[in-house]
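Visitor: First, the structure itself, so that you have it in front of you.
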Amino acid sequence: MASTTSPISPVKQVRKIPSTAHYWFLPGVKKASVMKASRAIHAYLSAFAFIALMFFAVTGFLLNHPNWLKSKQSDAHTTEMSLPQDQIREILDGPTPDKNMGKLLSSTFNTVGDFKSGEIFDDEIMLRFASVKGTTTAFIDIQNGDVSLDIKKSNVPSIIRELHRGKDASGSWRFLIDIIAIITLLLSSIGFFLFFTIRYRLATSLKLCGASLAIFISVFIFTIP
């Protein structure tokens, strides 16, 4: 009687996923604790940073397409006033006359913006005020005390531009921009840390970072005259 043998089934090869338990570069520090803290910090910072990034992304996008923002012309007008001559002479004889004259105008008249600069000539003083809301250029006649204020209020595109750039913004707004930059850098650093600790994605992560850097450099070199 012939013996029958059942065919041997081929052995299925199981793909082994690389273990990340041994992949750690901070000896003496528990990986689980570091990863948990990193994820928590990353989540908390994201709540503020994402709102700030969305704001600067939208304003930057609109600035890149200025024709999309149709707004009326800036409101510009001139106001004529006067100051006592003895008060002008007293300020001119004291220290930092341009700054003190700027403080006097800001407290006396309805100027727009913070004091930026001033020039004193033989018979005239010119002061410049600027902020996100607009600009004021003041001309003061030293001989008779006449004051001419050229006030220009910003329209919507101008306000968006100045908020994005922060050039003529207040000190508080510029400080906020610095805080946003620091938080964004910290958020990005933590994100890279979490990104590169996943070993089985490390090669892909490095390729993506390299490709992103190459794109930025290529655009700068080949598209900017």
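The values are calculated or read from the model by the stated rules, or taken from the named source; none is laboratory data. Not measured: the values here are computed from a predicted model. Cβ atoms come from the backbone with ideal geometry, glycine included; neighbour counts cover every protein chain shown.
Visitor: Answer yes or no as to whether A169 is touching an Asp or Glu at 6+ places or on another chain (Cβ under 7 Å), in the same structural domain as A37 (by TED's automatic domain parsing) and either more than 25 Å from K152 (Cα to Cα) or part of a loop (DSSP other than H, G, I, E, B) (or both).
Guide: In short, yes.
Visitor: Okay, moving on. Of all residues in region 108-125 being surrounded by 15 or more Cβ atoms within 10 Å (Cβ to Cβ) and free of Cβ contacts under 8 Å to residues at least 24 places away in the same chain, which is farthest from S170 (Cα to Cα)?
Guide: Looking at residues that are surrounded by 15 or more Cβ atoms within 10 Å (Cβ to Cβ) and free of Cβ contacts under 8 Å to residues at least 24 places away in the same chain, I get G118.
Visitor: Another question, if that's okay. Hey, among I41, I51, which residue is modelled with pLDDT of 80 or more, of a type outside the set (D, E), within 30 Å of S188 (Cβ to Cβ) and not assigned by TED's automatic domain parsing to the domain that holds M101?
Guide: Matching residue, one of I41, I51: I51.
Visitor: Would you call I179 out of contact with any Phe, Trp or Tyr (no Cβ under 8 Å at 6 or more places or on another chain), touching a residue at least 60 places away in the same chain (Cβ under 8 Å) and assigned to a helix (DSSP H, G or I)?
Guide: No.
Visitor: Now for a separate question. When the residues of region 183-225 are filtered to those that are polar (S, T, N, Q) and part of a helix (DSSP H, G or I), which remaining residue is surrounded by the most Cβ atoms within 10 Å (Cβ to Cβ)? Walk me through it before giving the result.
Guide: Step one: list which residues in region 183-225 are polar (S, T, N, Q), which gives 184, 188-189, 197, 204-205, 212, 218, 223.
Next cut, part of a helix (DSSP H, G or I) only: 184, 188-189, 204-205, 212, 218, 223.
Working: T184: 17, S188: 14, S189: 12, T204: 11, S205: 15, S212: 10, S218: 10, T223: 7.
Out of the qualifying residues, it is T184.
Visitor: Identify, please: which residue in region 65-78 is assigned to a loop (DSSP other than H, G, I, E, B) and loosely packed, with under 10 Cβ neighbours inside 10 Å and is, among those, modelled with the highest pLDDT?
Guide: Filtering region 65-78 for residues that are assigned to a loop (DSSP other than H, G, I, E, B) and loosely packed, with under 10 Cβ neighbours inside 10 Å, the one modelled with the highest pLDDT comes out as H65.
Visitor: Still on this structure, I have one more. Look at A169 and say whether it is closer than 30 Å to S46 by Cα and either without any contact (Cβ under 8 Å) to a residue 12 or more places away in the chain or in contact with a His (Cβ under 9 Å, 6 or more places away or on another chain) (or both).
Guide: Working: closer than 30 Å to S46 by Cα: yes; either without any contact (Cβ under 8 Å) to a residue 12 or more places away in the chain or in contact with a His (Cβ under 9 Å, 6 or more places away or on another chain) (or both): no.
In short, no.
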